[in-house]
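Enquirer: Here you go, one structure.
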Amino acid sequence: MTLQPSSASGNDAQPALSMENISMVFGEGDAAKTIINEISFSVSKGEFLCIVGASGCGKTTLLRMLCGLTAPTSGEIAFTGEKVCGPSRDRAMVFQDYGRALLPWRTVAQNIALTLETFGVPKREHRQRVAALADTMGLSHALEQYPHQLSGGMQQRVQIARCLAQDPKLLLMDEPFGALDAITRQGLQDEVLRLAKKNSTTVVFITHDLEEAIYLGDRVIVLAANPGRIVEDIPITISHPRNQLTTREDPQFLAHRHHVFGLLEGH
């Protein structure tokens, strides 16, 4: 069954992203293991979808398929009406391991510019676009520094800026704040929310933190493991803009937290 997109994010007749009966099986014969089993859902343009689940439920595998880095064993993924057959400039992925995602021999400016180089943006345009992105992500003072000179939060800001440089329509984020301290994490949560709303970017955000999922998401999909499958698709109706203190104290937030926790505990 295909789950319908939440109406909170827009009224486009065609979803920005859709997955139809997606399965992923590793191995063959008696050694075959089903990682994801017949998952279907769609995401509207500009919607912020969060996916939570225990380790081993296939969250990262799912995101890699959406990006086009891995092909499903069966089923079909479509983005803006076209089948996903490989990576695309319209889809950008932010990885959890920001340290390995950046090139250590390149400065902050050069790391951000890497995407512009990859997609053939004229070099005369690089400086202005890099400066604008650095300003947006609070990195203007660090353009000539190297990754090893930056804090973890700043390194992750560089990776996000590099993804934004390709002007993606779909931003895929794989537990991007999992290794950061609480204050840095909350600051980046708010920054990503602000940028997504400002640019009407469609976001699929993987996290193991149910409070993060509820705070960020227009919807939260809960996955069970062995094999990965959808337990429930939950609309989050908490109003925007959201606030790290008052939103987390909102009765709706607390009700969602109890509900999602119960689903995860039961699976």
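The values are calculated or read from the model by the stated rules, or taken from the named source; none is laboratory data. Given the structure is predicted, the values throughout are model-derived calculations rather than measurements. Virtual Cβ from ideal backbone geometry, glycine too; neighbours counted across all protein chains shown.
Enquirer: Got a number for residues in the range 167-215 being touching a strand residue (DSSP E or B) at 6+ places or on another chain (Cβ under 9 Å) and under 20 Å from Ser55 (Cβ atoms)?
Expert: 15
Enquirer: Is one or more of the residues making up the range 237-250 touching a residue at least 60 places away in the same chain (Cβ under 8 Å), of a type outside the set (Lys, Arg) and more than 23 Å from Gln96 (Cα to Cα)?
Expert: yes
Enquirer: Here are Val204, Val222, Val192: which of them is within 14 Å of the chain's Cα centre (by Cα) and modelled with pLDDT of 95 or more?
Expert: Answer to the selection: Val204.
Enquirer: Name the residue, out of Met154, Met137, that is at pLDDT below 95, of a type in the set (A, V, I, L, M) and in contact with a Gly (Cβ under 9 Å, 6 or more places away or on another chain). Break it down stepwise before answering.
Expert: On the way: Met137 fails: in contact with a Gly (Cβ under 9 Å, 6 or more places away or on another chain).
Result of the check over Met154, Met137: Met154.
Enquirer: Can you name the number of the only condition in (1) free of Cβ contacts under 8 Å to residues at least 60 places away in the same chain; (2) surrounded by fewer than 16 Cβ atoms within 10 Å (Cβ to Cβ); (3) out of contact with any helix residue (DSSP H, G or I) (no Cβ under 7 Å at 6 or more places or on another chain) that Ser200 fails?
Expert: Ser200 satisfies every listed condition except (1).
Enquirer: Now for a separate question. If you take just the helices (runs of 4 or more DSSP H) that sit entirely in the range 167-267, which of them hold at least 2 residues that are of a type outside the set (Val, Ile, Thr) and farther than 28 Å from Arg91 by Cα?
Expert: Values: elements: 182-199, 210-216, 246-249, 251-266.
Filter on the range 167-267 gives 246-249, 251-266.
Enquirer: Kindly indicate whether Tyr146 is within 25 Å of Gln252 (Cα to Cα) and aromatic (Phe, Trp, Tyr). Steps first, please.
Expert: Values: within 25 Å of Gln252 (Cα to Cα): no; aromatic (Phe, Trp, Tyr): yes.
When the stated conditions are applied, Tyr146 does not pass them.
Enquirer: Another question, then. Give the range 35-94 a look and list any residue that's over 23 Å from Thr201 (Cβ atoms), of a type in the set (A, V, I, L, M) and not in a loop (DSSP other than H, G, I, E, B), or say none.
Expert: Ile35, Ile36
Enquirer: With the requirement that a residue be touching a strand residue (DSSP E or B) at 6+ places or on another chain (Cβ under 8 Å) and without any contact (Cβ under 8 Å) to a residue 60 or more places away in the chain, what does the range 65-93 give you?
Expert: Answer for the range 65-93, where residues must be touching a strand residue (DSSP E or B) at 6+ places or on another chain (Cβ under 8 Å) and without any contact (Cβ under 8 Å) to a residue 60 or more places away in the chain: Met65, Gly68, Leu69, Thr70, Pro72, Thr73, Ser74, Gly75, Glu76, Lys83, Val84, Ser88.
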